[in-house]
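This report concerns only the one structure given below.
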Amino acid sequence: MVSASRDTEDTVALARGDDAYERIRHDVLTCVIMPGAIITEAELMRRYDIARTSCRVALVRLVHEGFARAIPRQGYRISPVTLADVEEIFNLRGQLEPMAARLACGNVDTELLQRLNEACEVPFAHESIDHQIEWFLHTNRKFHLTIAAASGNARLYRTLAGLMDDMARLVSLGFGVQGIRPRIEHDHESIIAALVTGNAPRAEALARQHIDTFLQQTKAHVFASLSASGTWLPYLSIADLRK
């Protein structure tokens, strides 16, 4: 009986830790907690109404994923956004998403892509810009990962899924802070048209063009957001800063 009780307690504690992690991670990715911010366990416990154990479980996972770093006697610093981060994320997307589009030709559900593209238009124009950005991130992620899944390459899919999480911070910081919603539906329509006709080379080229266009938009808005807040945007990546 004692063993069963302990197992139940452990299961409940783990579930609470997972919930705390998901909630804090969401706010990190959407820049509710800004890049570079210093946070403490006590602050997070109050803010999310969680116990110390749940808070620590969440922080350990965030540190492991590279979204936070422990600062002795201060708390935790949320990983800043750097110029290298922006360039690395888009460089990888620029290599992998055109490949995914080429491989997905003939396999992807283009009707689903069309519905997702229409959803990106945001049927919530009356809602706050934060809500619109969050909806865009959700539908845009599903759009690109639907193509990645249709490529038939599981490792490609997993890599792009991670990059889309990294993209969430860039979009939230750049567009969300500036109060502007990304408008890239025309690019999506062109990619869908190429996939419908089975034109793999064109789908690949359009995907690459789409990434290049979105890179320039995102860079400009990220710089504007950080300049407005007086935040320095270093070139070094997080890995460099840890050395």
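The values are calculated or read from the model by the stated rules, or taken from the named source; none is laboratory data. Given the structure is predicted, the values throughout are model-derived calculations rather than measurements. Glycine also receives a Cβ, built like all others from the backbone with ideal geometry; neighbour counts cover every protein chain displayed. For the accessible areas, the whole protein counts, side chains as well, though only heavy atoms, and no ligand, DNA or RNA atoms are used. Shrake-Rupley method; radii C 1.70, N 1.55, O 1.52, S 1.80 Å.
Within the stretch 46-64, the residues that satisfy the criterion of being in a helix (DSSP H, G or I) and not β-branched (Val, Ile, Thr) are Arg46, Arg47, Tyr48, Arg52, Ser54, Cys55, Arg56, Ala58, Leu59, Arg61, Leu62, His64. Which of the numbered conditions does Tyr48 fail, given that it passes all the others? Conditions: (1) free of Cβ contacts under 8 Å to residues at least 60 places away in the same chain; (2) open to solvent by 70 Å² or more (accessible area, probe 1.4 Å); (3) out of contact with any strand residue (DSSP E or B) (no Cβ under 6 Å at 6 or more places or on another chain). Against the list (1) free of Cβ contacts under 8 Å to residues at least 60 places away in the same chain; (2) open to solvent by 70 Å² or more (accessible area, probe 1.4 Å); (3) out of contact with any strand residue (DSSP E or B) (no Cβ under 6 Å at 6 or more places or on another chain), Tyr48 comes up short only on (2). Gly106 meets all of the listed conditions (1) under 21 Å from Glu204 (Cβ atoms); (2) in a helix (DSSP H, G or I) but one, namely (2). Of all the numbered requirements in (1) assigned to a helix (DSSP H, G or I); (2) loosely packed, with under 15 Cβ neighbours inside 10 Å; (3) touching a residue at least 12 places away in the same chain (Cβ under 8 Å), His131 misses one, and that requirement is (3). Give the residues of the stretch 19-42 that are open to solvent by 60 Å² or more (accessible area, probe 1.4 Å) and either in contact (Cβ under 8 Å) with a residue 24 or more places away in the chain or part of a loop (DSSP other than H, G, I, E, B) (or both), sorted by residue number. Scanning the stretch 19-42 gives Asp19, Arg23, Val32, Met34, Ile38. Residues in the stretch 145-194 that are touching a His at 6+ places or on another chain (Cβ under 9 Å), open to solvent by less than 20 Å² (accessible area, probe 1.4 Å) and of a type in the set (Asp, Glu): 0 in all. The set of residues in the stretch 51-75 being surrounded by fewer than 17 Cβ atoms within 10 Å (Cβ to Cβ) and over 21 Å from Ala168 (Cα atoms) consists of Ala51, Arg52, Thr53, Arg56, Ala70, Ile71, Pro72, Arg73, Gln74.
Quick grid of which residues meet (1) at positive phi; (2) β-branched (Val, Ile, Thr); (3) out of contact with any helix residue (DSSP H, G or I) (no Cβ under 7 Å at 6 or more places or on another chain):
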| residue | (1), (2), (3) |
| --- | --- |
| His138 | no, no, yes |
| Arg141 | no, no, no |
| Leu145 | no, no, no |
| Pro182 | no, no, no |
| Glu204 | no, no, no |
| Thr213 | no, yes, no |
